[in-house]
1. Taking the Cα centre of the chain as origin, sum charge times position over the Cβ atoms of Lys and Arg (+1) and Asp and Glu (-1), and report the length of that vector in debye to the nearest 20.
2. At 4 °C and a viscosity of 1.567 mPa s, what translational diffusion coefficient does Stokes-Einstein give for region 27-135, taking Rh as the Kirkwood radius over Cα pairs? Give it in µm²/s as a whole number.
3. May I ask for the Rg/Rh ratio of the chain, computed from Cα atoms with Rh as the Kirkwood radius, given to two decimals?
4. Could you derive backbone 3J(HN,Hα) for region 205-212 from the dihedral phi with the Karplus parameters 6.51, -1.76 and 1.60 (θ = phi - 60°), listing whole Hz in sequence and x where the residue is Gly or Pro?
5. Among DSSP bridges having both ends in region 84-235, what percentage is antiparallel? Round to the nearest 5.
6. So how exposed is residue 133, as accessible area in Å² (1.4 Å probe, rounded to 10)?
7. Output ³J(HN,Hα) for region 219-235: one whole-Hz value per residue in order, computed from phi by the Karplus curve 6.51 cos²θ - 1.76 cosθ + 1.60 with θ = phi - 60°, and x for Gly and Pro.
8. Hey, what's the chain come to in accessible area per residue, 1.4 Å probe, Å²?
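The values are calculated or read from the model by the stated rules, or taken from the named source; none is laboratory data. Because the structure is predicted, anything quoted here is derived from the model rather than measured. With ideal geometry, Cβ positions are generated from the backbone for all residues, glycine too; neighbour counts draw on all protein chains shown. Heavy atoms of the whole protein, side chains included, go into the accessibility calculation; ligands, DNA and RNA do not. Shrake-Rupley method; radii C 1.70, N 1.55, O 1.52, S 1.80 Å.
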Amino acid sequence: MDRVELLKQQAGIEACKYVTNGMKVGLGTGSTVKYTVIELGRRIAEEGLEIVGVPTSLATEKLATKVGITLVELSDCDNLDIVIDGADEFDSEFNLIKGGGAALLREKIVAQESLSMVVVADERKMVETLGAFPLPIEITPFSHQATIRQLTKLLDCRVNCRMAGDNPVVTDNGNYIADAHCGPKITDPVNLEIEILKIAGVVQVGLFNNMCDVVVLAKDSGVEIKNNPNGRIPN
Ligand code: 5RP
């Protein structure tokens, strides 16, 4: 396993310490939180951990089923205790860019239903100012080029429709993803989220503001727990 993969595994496994018996757990999407899902499956099998999970993507649903996590519908739950998910970037205010894996809409719905959010990341994801990672925005296929024009005007930067070969990437919800190359200058993500969501054709934006309580950050020197001082998980 290479260095980055090892860091992802360390963060993914360490985050499982926040999961205890009886919890309803949101299961994020991506190559880091994959290790969380696998570890939760191990604890269920080997330690008798009793939890139910809500996946944030079809890929996570498949993995969670494979490792033996009982899945439930979010609509049937009265809040989730916790969601554990990855991030493409996080800043010192614990605001996030997510959606690199095109799962941002379900991830945000699950995060908004969760009483706490733990992010698993390696140190490459920590930034001073959000935006070096192209900001993912889920948009409707209908008139998507017109929506992209609106986004370009608002953001004053290059905005691409994410492609898989010759065709747009299609999300689990049947939508497309626009990637906005803002550059590392998103100094007011709260306001930017509001402005982007005003555009008709935008389904959701991958800015997750004021949602993350803890970042489990894997570094070469070890795993650091970064607690959001304004978060919902006590130190
Ligand atoms: C998917 C996401 C992921 O959580 C994000 O892209 C981080 O993924 P990874 O752990 O693979 O770097 O937002 O939509």
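1. 380
2. Details: Rh = 14.3 Å.
Using the Kirkwood radius from Cα pairs, D works out to 91 µm²/s.
3. On the way: Rg = 17.3 Å, Rh = 17.9 Å.
For the chain, the value is 0.96.
4. 10, x, 8, 10, 9, 6, 10, 8
5. On the way: 24 of 33 bridges.
Here the antiparallel bridges make up roughly 75 percent for region 84-235.
6. 70
7. Residue by residue, region 219-235 yields 10, 4, 7, x, 8, 10, 9, 9, 8, 6, x, 9, x, 9, 9, x, 4 Hz.
8. Details: 10910 Å² over 235 residues.
Normalised by residue count, the accessible surface of the chain is 46 Å².
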